[in-house]
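Engineer: I'd like to ask some things about the structure below.
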Amino acid sequence: MKRLLFTFAFILLFCSTAQARAITDDSGRTITFDKPFTRIISLYGAHTENLFSLGLDEQIIGVSTSEDYPAAALSRPSFNARDGVEKFLATKPDLILIRPMHMRAYAGLWNALARHGVTVVSLQPDSVEAMYDYWRTLGKLTGRDLQAEYMIEDFREGISRAEDRLATIPMDERPGVFFESIHSKSATFSPGSMPLFVLEKAGGTNVATDARPRHGTNIANYGLERLLGKGPQIDVYLAQRGTMNDVSVRDIVNSPAASRIKAVLTRNVFLVDERLVSRPTLRLLEGIDIIFRFLHP
């Protein structure tokens, strides 16, 4: 009943304000449009996953070359920013979704596509609060505003359940955790980043609160000296694993002076799929559940 009333109120509001729409992307550009985009190429796995979550299976006509989820994405033609203009235009897209790093690196390609009438939008949220706005932006672009609100509602309900679960665990029983982002640099994550949000909701205490962002990203260089200085406080050593950090438990336990880290001595070193902690999708809830089981077996 709650969702039905919400839907009715939202439809009334939308109908009363229907007009040309505008969004500002993460490259600072304002994009205006008067109808939803229906032929979409997504060049970032999180965009693809969220478009499918919004129910846009038929509107997704292309994805990046590194797609792996959901399974339906694997059946779409693949693209990357090194493809020529002609390959993109051959599929007649009206919207291409990219990240700011792509916008900076391949400006010539996007400008050429824009001259052919293709809209290019650059998006990548860096926090959970920004993720809600990002989902709403995807909803606006595709005419799925209501579905975006449902995604936010479902995520918040999942977070509420995680918080209820944690309420039974005293603060002094929540282990100290070092959350590795890039092994070769002894790097962790920036304050306010999605991986640290996941860690908090899973019931871990971040021992690297003095970490500072690197170049405005969610990565924070920490360094081996500071890491070892926190060694006795690290009850659990957690590392994201994926394309950004191709690491194994063996790599971690065999690192220089790793024996000075409490978690190594107690065999509490775990890997978690980076897609479940760093991507702005509903699967962050899955990441919270997995890390909870590591921290509170």
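The values are calculated or read from the model by the stated rules, or taken from the named source; none is laboratory data. Predicted model only: the values in this text are computed from it and were never measured. Positions of Cβ are backbone-derived with ideal geometry, glycine not excepted, and every protein chain shown enters the neighbour counts.
Engineer: Would you mention how many residues in the stretch 23-34 are free of Cβ contacts under 8 Å to residues at least 24 places away in the same chain and assigned to a loop (DSSP other than H, G, I, E, B)? Please lay out each step first, then the result.
Structural biologist: Here is the first cut: in the stretch 23-34, the ones free of Cβ contacts under 8 Å to residues at least 24 places away in the same chain are 24, 28, 30, 32, 34.
With the extra rule that they be assigned to a loop (DSSP other than H, G, I, E, B), the set shrinks to 28, 34.
Residues meeting the conditions: 2.
Engineer: Filter the helices (runs of 4 or more DSSP H) completely within the stretch 50-131 down to those with at least 2 residues that are within 18 Å of ARG39 (Cβ to Cβ). Spell out how you get there, then give the answer.
Structural biologist: Details: elements: 85-90, 100-105, 107-115.
Result: 85-90, 107-115.
Engineer: Quick check on the stretch 236-244. Is at least one of its residues within 21 Å of GLY192 (Cα to Cα) and among the charged types (D, E, K, R)?
Structural biologist: Within the stretch 236-244, one or more residues are within 21 Å of GLY192 (Cα to Cα) and among the charged types (D, E, K, R).
Engineer: Do we have SER64 as touching a Gly at 6+ places or on another chain (Cβ under 8 Å) and not acidic (Asp, Glu) here? Step through it out loud before you land on a result.
Structural biologist: Working: touching a Gly at 6+ places or on another chain (Cβ under 8 Å): yes; not acidic (Asp, Glu): yes.
Considered against the rule, which asks whether it is touching a Gly at 6+ places or on another chain (Cβ under 8 Å) and not acidic (Asp, Glu), SER64 comes out as yes.
Engineer: Within the stretch 167-206, count every residue that is closer than 17 Å to PHE294 by Cα, of a type in the set (Val, Ile, Thr) and crowded, with 22+ Cβ neighbours inside 10 Å.
Structural biologist: 2
Engineer: How many residues are in contact with a Phe, Trp or Tyr (Cβ under 6 Å, 6 or more places away or on another chain) and surrounded by fewer than 16 Cβ atoms within 10 Å (Cβ to Cβ) when one looks only at the stretch 27-67?
Structural biologist: Qualifying residue count for the region: 0.
Engineer: Kindly indicate whether ALA208 is assigned to a helix (DSSP H, G or I) and modelled with pLDDT of 95 or more.
Structural biologist: On the way: assigned to a helix (DSSP H, G or I): no; modelled with pLDDT of 95 or more: yes.
No: the conditions fail for ALA208.
So that you can scan it fast, the table gives a plain yes or no per residue for (1) closer than 18 Å to TRP135 by Cα; (2) touching a Ser or Thr at 6+ places or on another chain (Cβ under 6 Å); (3) at pLDDT below 95:
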position: SER42; (1), (2), (3): yes, yes, no
position: THR48; (1), (2), (3): yes, yes, no
position: SER53; (1), (2), (3): yes, no, no
position: ILE61; (1), (2), (3): no, yes, no
position: SER66; (1), (2), (3): no, no, yes
position: ARG82; (1), (2), (3): no, no, yes
position: ASP94; (1), (2), (3): no, no, no
position: LEU97; (1), (2), (3): yes, yes, no
position: ARG104; (1), (2), (3): no, no, yes
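Engineer: Next question. Which of the residues belonging to the stretch 28-72 are of a type in the set (Gly, Ala, Ser) and in contact with a strand residue (DSSP E or B) (Cβ under 6 Å, 6 or more places away or on another chain)? Lay out the reasoning, then the answer.
Structural biologist: Just the residues of the stretch 28-72 that are of a type in the set (Gly, Ala, Ser), to begin with: 28, 42, 45-46, 53, 55, 62, 64, 66, 71-72.
Within the stretch 28-72, SER42, GLY62 qualify.
Engineer: Answer yes or no as to whether LEU228 is assigned by TED's automatic domain parsing to the domain that holds ARG267 and closer than 23 Å to THR243 by Cα. Spell out how you get there, then give the answer.
Structural biologist: Numbers: assigned by TED's automatic domain parsing to the domain that holds ARG267: yes; closer than 23 Å to THR243 by Cα: no.
No.
Engineer: Out of the residues in the stretch 83-103 that are touching a residue at least 12 places away in the same chain (Cβ under 8 Å) and of a type in the set (Lys, Arg), which is farthest from LEU51 (Cα to Cα)?
Structural biologist: The residue in question is LYS92.
Engineer: Is the stretch 240-247 home to any residue that is charged (D, E, K, R), in contact with a strand residue (DSSP E or B) (Cβ under 6 Å, 6 or more places away or on another chain) and closer than 27 Å to ARG161 by Cα? Spell out the reasoning first.
Structural biologist: Of all residues in the stretch 240-247, those charged (D, E, K, R) come to 241, 246.
Of the ones still in play, those that are also in contact with a strand residue (DSSP E or B) (Cβ under 6 Å, 6 or more places away or on another chain) are 241.
Among the residues that remain, those that are also closer than 27 Å to ARG161 by Cα are: 241.
Yes, there is a match, as at least one residue in the stretch 240-247 is charged (D, E, K, R), in contact with a strand residue (DSSP E or B) (Cβ under 6 Å, 6 or more places away or on another chain) and closer than 27 Å to ARG161 by Cα.
Engineer: Name every residue in the stretch 174-201 that is part of a helix (DSSP H, G or I) and free of Cβ contacts under 8 Å to residues at least 60 places away in the same chain, in order of residue number.
Structural biologist: Of the residues in the stretch 174-201, the ones part of a helix (DSSP H, G or I) are 183-185, 194-201.
Residues satisfying the conditions are SER184, LYS185, LEU196, GLU200.
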